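Working notes for the structure below.
Readers should treat all values here as calculations from the given coordinates under stated rules, not as data from a laboratory. As the structure is a prediction and not an experimental result, all values here were calculated from the model. Counting neighbours? That spans all protein chains shown, and the Cβs are built from the backbone with ideal geometry, glycine included.
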Amino acid sequence: MVDLHCLKLELCVKLTVISSLKEKRSISKSLMNFLKKKHNISIIEHNNNDSKKFLCFLISAVSRERDYLLSLIENLEIDINIFTGFEVISEEYDIF
């Protein structure tokens with residue numbers, strides 16, 4: 001029997017120079033598609049949907065190795081910063 005670990009991650013990004021919710025949605029969709037393809041994760045936009053200052057994601061992933069999931073968190077933060085230029089301001093995760 002193989003043990004699998006599941007990651008539940010909530011990331012919030014502080015947005016700067018966003019002038020409209022339409023612009024935020026465009027950035028959100030592009031970023032979600034990029035992260036899905038690169039990291040094979042499930043991701044949804046969550047919380048603060050009507051805010052132009054914050055963008056929050058709920059992310060899940062499954063792996064046989066806990067260490068892989070921990071490194072995935074770091075890689076996601078790096079990729080978000082590189083892709084958007086915005087800073088991840090909060091991260092909460094559970095691995096079970």
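Between LYS37 and SER90, what is the spin-label point distance in nm, taking each point 7 Å from the Cα along the Cα→C-beta axis?
Calculated label separation equals 3.1 nm.
Compute the FRET efficiency between VAL62 and LYS22 as 1/(1 + (r/R0)^6), taking r as their Cβ-Cβ distance and R0 = 30 Å, and round to the nearest 0.05.
The value I calculate is 0.35.
List the cysteines of the chain that have no other Cys Cβ closer than 4.7 Å: which are they?
Among the cysteines of the chain, those whose Cβ sits 4.7 Å or more from every other are CYS6.
Between ASP50 and LYS14, what FRET efficiency follows from the Cβ-Cβ distance if R0 is 22 Å, with the result rounded to 0.05?
0.90
In degrees, nearest 10, range 0 to 90: what is the angle between the Cα axis of helix 21-39 and the longest Cα principal axis of the chain?
20 degrees
What angle, in degrees between 0 and 90 and rounded to the nearest 10, separates the Cα long axis of helix 66-84 from the longest principal axis of the Cα atoms of the chain?
Long axis of 66-84 versus the principal axis of the chain: about 20 degrees.
Taking 7 Å along the Cα-to-C-beta vector as the label spot, tell me the HIS5-ASN75 distance in nanometres, rounded to one decimal.
1.4 nm
Just want to confirm a number: the relative contact order over the chain, from Cα pairs under 8 angstrom separated by 6+ residues, in percent.
Relative contact order, the chain: 47 percent.
Using only C-alpha positions, report the orientation-averaged shadow area of the convex hull of the chain, nm², one decimal.
5.8 nm²
Can you list the trypsin sites (Lys or Arg not before Pro) in the range 50-96 that are in a DSSP coil and have 16 or fewer other beta carbons within 10 angstrom?
Taking the range 50-96 and a limit of 16 other Cβ atoms within 10 Å, the loop trypsin sites (Lys or Arg not before Pro) found are LYS52, LYS53, ARG64.
Within the set of other residues whose C-beta is less than 13 Å from the C-beta of LYS52, count the net charge using Lys and Arg as +1 and Asp and Glu as -1.
Numbers: positive: LYS14, LYS22, LYS24, ARG25, LYS53; negative: GLU23, ASP50.
Neighbour charge sum, excluding LYS52 itself: +3.
Which GluC sites (Glu not before Pro) does the chain hold that lie in a coil by DSSP with at most 13 other beta carbons within 10 Å? Display every interim value, and only then the final one.
Details: sites: GLU10, GLU23, GLU45, GLU65, GLU74, GLU77, GLU87, GLU91, GLU92; in loops: GLU65.
Filter output for the chain: GLU65.
Taking the Cα centre of the range 5-95 as origin, sum charge times position over the Cβ atoms of Lys and Arg (+1) and Asp and Glu (-1), and report the length of that vector in debye to the nearest 20.
480 debye
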